[in-house]
Amino acid sequence: MTDITDGPDVLESGKKTGLPRQTIADGLRVPNVAVFLKRTTLEFLQIIFNTREPGSFHYDGEDDTKTEIQITDQHAVDLEAVQVRPAIVSVRGPVSWRQLGLGGGAVEGRFTPTGKTTFNDLLTGSVAFSCLSREGIEAEQIAHLVFNSFKVFRPVLQKYGFFSIKSLNIGSETLVVQDGDNDDLHLIPVFITAHVQDRWSLDEITAKKLEKIIIESEICT
Amino acid sequence: MSAPKKHPKITLPGQRKVQGLKKAFQQVKDDMAKIHVASLSDGKGRP
């Protein structure tokens with residue numbers, strides 16, 4: 001079995017097929033669906049917030065001291081820095097396979113001479129973005145921007161390997177109380193559930209071996 | 001002279017309150033798992 005992660009793939013028949021699953025900034029192909037979900041959505045938000053004017057949640061990925069908002073993964077965040085400036089922190093949720101569409105049996109293409117068959121399927125994955133600020137209304141505004149960005153730029157994301165954005169939700173506000181600190185934080189989560197295409201091919205190795213045996217036996221006789 | 005009294009931390013109606021960021025992230029994960037399961041089907045048998 002071969003995972004096809006670098007689509008669009010060119011079948012032996014010459015037909016181009018499949019969605020690319022890649023990062024936005026450098027077009028790197030991402031084999032792991034879970035990593036793809038988190039990395040591409042984070043990159044998308046960083047690009048969106050980078051285009052915003054200074055003074056309006058401008059994101060600067062090159063200089064941490066200049067950025068007005070932190071956009072990062074849960075494991076990379078500096079928890080103390082969150083106290084200083086607003087932040088968007090991503091947390092990945094479950095990724096599920098549940099026989100969507102034709103249930104993994106969808107044959108995308110078959111190359112008869114070798115018996116190589118390419119299948120495709122859909123996986124469902126979730127990511128949450130925790131929008132954090134010391135001011136509740138600011139956290140609300142950031143959550144609104146995140147929610148709208150995914151809603152509005154849905155077709156653009158589909159070019160990078162998202163089959164579809166299945167659902168978007170803004171959660172309720174949570175007050176995060178910090179020990180020994182007067183600066184409480186307000187957290188508003190934005191949940192995103194998306195379908196991602198998964199593709200793989202199966203080769204009939206047994207048939208190839210059998211072919212070899214037949215050829216060898218022909219030489220001997 | 002004694003230090004000024006701190007304002008009591010209040011929670012507004014409908015607002016949840018958790019102690020620390022780690023617990024807050026855990027709560028986000030729990031909520032996300034519920035939403036994920038709910039969004040797996042739209043009730044019409046289609047993705």
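With neighbour counts taken as other beta-carbon atoms within 10 Å, the residues A:T51, A:T117 rank, fewest first, as A:T51, A:T117. The GluC sites (Glu not before Pro) found in region A:78-136 that occupy coil by DSSP, while having at most 16 further C-beta atoms within 10 Å, are A:E80, A:E135. Shown here for region A:100-184: chymotrypsin sites (Phe, Trp or Tyr not before Pro) in loop regions (DSSP other than H, G, I, E, B) with at most 15 other Cβ atoms within 10 Å, namely A:F153. On the principal axes of its alpha carbon atoms, region A:25-150 extends 62, 27, 25 Å, with the longest extent given first. Each label was represented as a point 7 Å from its Cα along the Cα-to-Cβ direction; for A:L102 and A:D183 these points are 5.5 nm apart.
Sites listed here are trypsin sites (Lys or Arg not before Pro) in region A:25-105 whose DSSP assignment is loop and whose Cβ has at most 15 other Cβ atoms within 10 Å: A:R52, A:K66, A:R98.
The string of couplings for region A:54-60 from the Karplus curve (6.51, -1.76, 1.60, θ = phi - 60°) is x, x, 9, 6, 6, 9, 10 Hz, one whole number per residue in order, with x for Gly and Pro.
Each reported figure results from applying straightforward, stated rules to the coordinates on display, with no laboratory input. All values reported here derive from a predicted model rather than from experimental measurement. Neighbour counts run over all protein chains shown; Cβ positions are idealised from the backbone, glycine included.
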